[in-house]
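The values are calculated or read from the model by the stated rules, or taken from the named source; none is laboratory data. Everything numeric here is computed off the predicted structure, so don't read it as measured data. So basically every Cβ, Gly included, is an ideal-geometry build from the backbone, and we count neighbours across all protein chains shown.
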Amino acid sequence: MDAARSYTGSCHCGKVRFEATLDLTRVMSCNCSICSRLGYVLSFIPAAQFKLLAGEDALSDYQFNQKRIHHLFCATCGVHPFARGTGPDGKETVAVNLRCLEGVDLEALTPQKFDGKRL
Ligand SMILES: [Zn+2]
């Protein structure tokens, strides 16, 4: 994680705001049923590198399938800024939607394609 730095992000209406330390050279897009609909560009980071600054009570939780991931979204504006889950190693992980970060040139990113549809 040498290229990791701190970014701030938010939902559209601004109720949900967060700070995340991540490496933009390690990002992915996924073709699973929810990612393809929402258009997530994702970075998975340990929960310790994520800090919710505001909006815990503004978040609604959506779960499906095996219900291992909490797909959180702002109940006011409907934007999905991040998801919470547990990685294969049992550690708490946050999947940050890079589209919600400030000052990130999405066109400059080269997401690795993840075949989530098969899981
Ligand atoms: Zn919002």
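Only one of (1) more than 15 Å from the ligand (Cβ to nearest atom); (2) loosely packed, with under 15 Cβ neighbours inside 10 Å; (3) hydrophobic (A, V, I, L, M, F, W, C); (4) free of Cβ contacts under 8 Å to residues at least 40 places away in the same chain fails for Ile69. Which number is that?
Of (1) more than 15 Å from the ligand (Cβ to nearest atom); (2) loosely packed, with under 15 Cβ neighbours inside 10 Å; (3) hydrophobic (A, V, I, L, M, F, W, C); (4) free of Cβ contacts under 8 Å to residues at least 40 places away in the same chain, only one is false for Ile69: (2).
Does any residue in the range 8-35 that is free of Cβ contacts under 8 Å to residues at least 40 places away in the same chain come within less than 6 Å, Cβ to Cβ, of a residue that is of a type in the set (Gly, Ala, Ser) and within 12 Å of the ligand (Cβ to nearest atom) six or more places away or on a different chain, and which pairs are these?
Arg17/Ser10; Arg17/Ala54
Could you check the range 27-55 and list, in sequence order, the residues that are more than 18 Å from Thr86 (Cβ to Cβ) and β-branched (Val, Ile, Thr)?
Within the range 27-55, Val27, Val41 qualify.
Checking Cys30 against (1) surrounded by 13 or more Cβ atoms within 10 Å (Cβ to Cβ); (2) under 21 Å from Pro111 (Cα atoms); (3) at pLDDT 95 or above, only one condition comes out false. Which one?
Looking at each condition in turn, Cys30 falls short on (3).
On the basis of being of a type outside the set (Lys, Arg), at pLDDT below 95 and exposed (fewer than 12 other Cβ atoms within 10 Å of the Cβ), does Leu119 make the cut?
On the way: of a type outside the set (Lys, Arg): yes; at pLDDT below 95: yes; exposed (fewer than 12 other Cβ atoms within 10 Å of the Cβ): yes.
When the stated conditions are applied, Leu119 passes them.
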